[in-house]
1. For segment 16-35, check the following and say yes or no: at least one residue is assigned to a loop (DSSP other than H, G, I, E, B) and touching a Cys at 6+ places or on another chain (Cβ under 7 Å).
2. Is it the case, given these coordinates, that residue 47 is buried (at least 17 other Cβ atoms within 10 Å of the Cβ) and assigned to a strand (DSSP E or B)?
3. Are any residues in segment 42-64 farther than 16 Å from residue 29 by Cβ and among the small types (Gly, Ala, Ser), and if so, which ones?
4. Check 18, 102 and return the single one that is in contact (Cβ under 8 Å) with a residue 60 or more places away in the chain, open to solvent by 50 Å² or more (accessible area, probe 1.4 Å) and in contact with a Phe, Trp or Tyr (Cβ under 8 Å, 6 or more places away or on another chain).
5. Can you pull out every residue in segment 52-75 that is within 23 Å of residue 15 (Cβ to Cβ) and hydrophobic (A, V, I, L, M, F, W, C)?
6. Given the criterion over 24 Å from residue 113 (Cβ atoms) and part of a loop (DSSP other than H, G, I, E, B), identify the matching residue among 62, 6.
7. Any residue that is over 20 Å from residue 8 (Cβ atoms), in contact with a Leu (Cβ under 8 Å, 6 or more places away or on another chain) and open to solvent by 50 Å² or more (accessible area, probe 1.4 Å) - is there at least one of those in segment 76-93?
8. Go through the residues of segment 18-35 one by one and say whether even a single one is β-branched (Val, Ile, Thr), over 15 Å from residue 86 (Cα atoms) and at pLDDT below 95.
Amino acid sequence: ICADQPLKVENTSTPWTRDYTQGEEILLPIKNGEGSFQASEETLRELEEEGRVVLRYVGKNPNGSKNGIAGITNKRGNVVGVMPHPEQAIEFLTGPSEDGLRFFTSVLEAMVGR
């Protein structure tokens with residue numbers, strides 16, 4: 001799979017996602033066909049209940065990720081893992097949008113204490 005995918009921002013309390021708005025839809029490239037988020041029902045329930053889902057696919061789930069999950073955070077919220085590629089959506093010249101740029105401005109601002 002190599003496509004641009006709409007995603008919904010589910011969690012804005014991490015250093016990586018603080019510049020987004022809860023529920024905002026963003027457009028990022030995905031470049032995987034084999035990989036997808038898989039977890040036990042117990043782990044899925046824990047992630048959902050604790051609000052640790054960071055991104056979710058909107059519309060068609062392109063890779064069969066459980067619950068349409070495209071990104072999660074650890075319990076402390078300081079580590080975020082995502083399947084899409086925000087680094088490839090930082091300017092219109094090379095990406096489908098500039099929506100990925102805020103992943104990096106968010107963490108930079110968190111590091112300098114803004």
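The values are calculated or read from the model by the stated rules, or taken from the named source; none is laboratory data. Here the structure is a predicted model, which is why all the values come from computation and not from measurement. Glycine gets a Cβ as well: all are built from the backbone with ideal geometry, and neighbour counts include every protein chain shown. Remember, those area values only see protein heavy atoms, side chains included, never the ligands or the DNA or RNA. Shrake-Rupley method; radii C 1.70, N 1.55, O 1.52, S 1.80 Å.
1. Taking segment 16-35 as the starting set, the residues that turn out to be assigned to a loop (DSSP other than H, G, I, E, B) are 16-24, 31-35.
Now narrow it down to the ones that are touching a Cys at 6+ places or on another chain (Cβ under 7 Å): 31.
Within segment 16-35, one or more residues are assigned to a loop (DSSP other than H, G, I, E, B) and touching a Cys at 6+ places or on another chain (Cβ under 7 Å).
2. Working: buried (at least 17 other Cβ atoms within 10 Å of the Cβ): yes; assigned to a strand (DSSP E or B): no.
So residue 47 does not fit the description; no.
3. 51, 64
4. Values: 18 fails: in contact with a Phe, Trp or Tyr (Cβ under 8 Å, 6 or more places away or on another chain).
Result of the check over 18, 102: 102.
5. 53, 54, 55, 69, 70, 72, listed by residue number.
6. Result of the check over 62, 6: 62.
7. Residues of segment 76-93 over 20 Å from residue 8 (Cβ atoms): 76, 78-79, 91-93.
Cutting the leftovers down to in contact with a Leu (Cβ under 8 Å, 6 or more places away or on another chain) gives us 91.
Going one step further and asking which of them are open to solvent by 50 Å² or more (accessible area, probe 1.4 Å), we end up with 91.
Scanning segment 76-93, I find at least one residue that is over 20 Å from residue 8 (Cβ atoms), in contact with a Leu (Cβ under 8 Å, 6 or more places away or on another chain) and open to solvent by 50 Å² or more (accessible area, probe 1.4 Å), so the answer is yes.
8. Quick first cut of segment 18-35, residues β-branched (Val, Ile, Thr) only: 21, 26, 30.
Those still in the list that are over 15 Å from residue 86 (Cα atoms) too: 21.
Within this subset, residues satisfying the condition of being at pLDDT below 95 are none.
The answer is no; no qualifying residue exists.
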